[in-house]
Amino acid sequence: MHKLFINGEWTLSQDGQHLPLINPATEEMIDTISAASGQDAHLAIGAAQAAFKSWSRTTPYQRATILKKAADYLREHMDDLSRDMVLESGKPLGEAKGEWAVAANLFEWYAEEAKRAYGRVIPTNRPDKRSSVIWQPMGVIGIITAWNFPAYNPARAWAAALAAGCTVVAKPSENTPLSAYHMARALAESGIPKGVINVVVGDAQSIGTAFLDNPALKKISFTGSTRVGKILMDGASKTHTKLSLELGGNAPVLVFEDADVDAVAKAASIARFRNNGQVCIAPQRFYVQRPIFDRFAELLSGYVSNLKVGGGFEQGVQLGPLITKRQRESVMNLLDQARQENARILTGGYVPHHLEKGYFFQPAVVTNLNQSSPLARNEIFGPVLPLFVFDDLDDGIEMANDTEYGLAAYVFTNSLKTAIYASERLDFGMVGVNEWAPHGTESPFGGWNYSGQGHESGSEGLYEYMEKKLISIGGL
Ligand code: ADP
């Protein structure tokens, strides 16, 4: 039984509830996890509040020593940690290792960045007055994260909040708690004082309500669906809890006629299906300029049909299972709706017959769709690539912007003029030009519109967990 981590102790939940942890590749139970409720969350918030008194007064140099040790721990234990991530999430082993490497980098990077939370001195209009602005840690932070990146999602928020001098109550997804527990262990082994990091996994609604209701918790950092983001926004309006929200996305990809068709098609077949498409910045809606559309569709379908689907430990596997049966059903429903609209499925779109157990799905490329199709409007979060055609630059940009989401967008062109024109007109928080990974540890990750508010990673991510304070001294 995996226990909760509260006030430096591994402990069972107050009400004794537990949940099964399922391997999505085999549908078998991996283990049982003690399931927290709001009661446990309140206890953890109390511990974090007590720990904040001293943690917030440590220097960023002291905090950096611990965070860097934790980064080293993650690197040293990468093989074991990656194995557990494959078990709980289904993702291929190589992707799990890559994710742990990034998680370690986040701890190291924020350990350094917190040393540079400079304030400023402001010249005043009175000779007897001096004004300065300083940054101070916000307090106890509740960090709720989704299952698609079991280490990366929590790491970027935990590392920034801890480096800023905040204490944390984390609620990772109940589908993928093992990676988060490994991270808590890394911090504990590195000497983090008790109560500074707490992890409660269990009844999401009850824990979420405790986070919103407890006045000691100053901010919720949330990575997950727009649906739950809205629930938190409603709740926060009553309690004045601050929010950072990394929500859904529906990223368009504009492929212009001057791009290298074969290279983009090949790279797209990898980028679209990374983590099975269960990525909020996943390139989703592909808009391809008419003169190259047929060739692009043919090449792409060829590459996609060769992708290897299977268990995450199997050599050469590129797509593991989806996270749950429900997630696979949601993808299948979207595809069924497209079929009824006479969409053409160029490849995939079925459960592979050799993989009866597990939530596997053969990656699909779909065409003959229009902008009102659910495959254009919804966040798919699965291995389906819808293809659309566009004629001129402005039509393409208009179609790309036709969504309530605003997280990431992608442009492929060999024209500098087109690259600048399109990237400046796309209504999204991140634009990749000839680049599938616009984000990075050192860069601000955040969405416009329904995709959220605030930023993670980069120096912006640090200030999400700090308050700005003006200090004015008079009578000098
Ligand atoms: P998904 O459906 O893709 O898992 P969610 O937005 O539901 O995405 O999940 C993201 C995180 O939010 C998970 O840790 C989940 O447990 C948590 N969560 C779900 N419902 C609530 C809620 N009502 N309040 C707070 N957190 C929630």
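Only the coordinates and a few stated rules stand behind these numbers; no lab work does. Model, not experiment: these values are computed from the prediction. Glycine gets a Cβ as well: all are built from the backbone with ideal geometry, and neighbour counts include every protein chain shown.
Things to note:
- Expected-Rg normalisation [2.2 N^0.38 Å, Cα atoms] applied to the range 1-84: 1.41
- Around the Cα centre of the range 251-441, unit charges on the Cβ atoms of Lys, Arg, Asp and Glu (plus for the first two, minus for the last two) sum to a dipole of about 820 debye.
- Scanning residues 5 or more positions from Val199 or on other chains, those with amide H under 5 Å from its amide H are Phe5, Ile6, Ala170, with H placed 1.01 Å from N in the peptide plane.
- Over the chain, relative contact order from alpha-carbon pairs under 8 Å, at least 6 apart, %: 19
- Descending Cα extents along the principal axes, the range 251-441, whole Å: 49, 38, 30
- Secondary structure note: in the chain, about 40% of the DSSP beta bridges are antiparallel.
- Taking amide H atoms as placed 1.01 Å from N in the peptide plane, the amide H of Gln14 lies under 5 Å from those of Ser37, Asp40, each 5 or more residues away in sequence or on another chain.
- Assuming charge only on the beta carbon of Lys and Arg (+1) and of Asp and Glu (-1), the dipole of the range 374-476 about its Cα centre is about 360 debye to the nearest 20.
- Cleavage-rule hits, GluC sites (Glu not before Pro), the range 358-409, DSSP coil, Cβ neighbours within 10 Å at most 13: Glu404
- By the equivalent-ellipsoid construction on the alpha carbon gyration tensor, the chain comes out with semi-axes of 39, 29, 19 Å, ordered largest to smallest.
- Quarter the surface of the alpha carbon convex hull of the range 311-361 and you get the mean projected area, 4.1 square nanometres.
- Residue-averaged 222 nm ellipticity for the chain, from DSSP H runs of 4+ at -39500 (n - 2.57), nearest 500: -12500 deg cm²/dmol
- The range 151-170 versus the range 80-133: alpha-carbon centroid distance in Å: 8
- DSSP beta bridge pairing in the range 251-441, given as percent antiparallel to the nearest 5: 15
- The separation of the range 197-230 from the range 1-68, counted between C-alpha centres, amounts to 13 Å.
- Looking at the range 38-81, the trypsin sites (Lys or Arg not before Pro) that sit in a DSSP loop and have at most 15 other Cβ atoms within 10 Å of their own Cβ are Arg57.
- Mean shadow area of the range 237-326, taken as a quarter of the surface of its Cα convex hull (nm²): 9.3
- Shape of the range 384-474, Cα gyration tensor, a/c cut at 1.5: prolate
- Neighbourhood charge, 12 Å Cβ-Cβ cut-off, centred on Pro383 and excluding it, Lys, Arg +1 and Asp, Glu -1: +3
- D_trans [Stokes-Einstein, Kirkwood Rh over alpha-carbon pairs] for the range 296-402, 10 °C, 1.306 mPa s, µm² s⁻¹: 107
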